[in-house]
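Have a look at the structure below before the remarks.
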Amino acid sequence: MGRAAGGYDSIFNAARAMGRIKDKVYRPIPENAATCDKLFQEYRTLYDSFGRGGNDVMKRLKVLKKSILKRG
């Protein structure tokens, strides 16, 4: 293990090497911005439906899956 095997000699060395922050800014491509905004709104809708419990569709689907598996 360690540096001789392509790793790190300590957890501190590993954290120092992997935890570096890059000072880089990403800017959207202007012609893609409207599409990205629409995609983000769709993501938020899905998150609200599935992630926050506003819709119990996943629970209903699990019940259906179990009933199908019992028959099979």
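The values are calculated or read from the model by the stated rules, or taken from the named source; none is laboratory data. Keep in mind it's a predicted model, so treat the numbers as computed, not measured. Cβ: placed from backbone, ideal geometry, glycine included. Neighbour counts: every protein chain shown.
Once region 21-34 is narrowed to residues that are surrounded by fewer than 10 Cβ atoms within 10 Å (Cβ to Cβ) and not aliphatic (A, V, I, L, M), the residue that is modelled with the lowest pLDDT is Lys22.
Evaluation of Asp37 against the conditions (1) at pLDDT 85 or above; (2) assigned to a loop (DSSP other than H, G, I, E, B); (3) within 20 Å of the chain's Cα centre (by Cα); (4) not polar (S, T, N, Q) shows that the sole unmet condition is (2).
When you check Met1 against the structure, is it modelled with pLDDT under 80, assigned to a helix (DSSP H, G or I) and not basic (Lys, Arg), yes or no? Before the answer, list the steps.
Working: modelled with pLDDT under 80: yes; assigned to a helix (DSSP H, G or I): no; not basic (Lys, Arg): yes.
Here the answer is no, as Met1 does not meet what is asked.
The residues of region 4-34 that are in contact with a Gly (Cβ under 8 Å, 6 or more places away or on another chain) and either under 30 Å from Leu61 (Cα atoms) or part of a helix (DSSP H, G or I) (or both) amount to a single one, Ala14.
When residues in region 40-72 are screened for being within 21 Å of the chain's Cα centre (by Cα) and of a type in the set (A, V, I, L, M), 3 of them pass.
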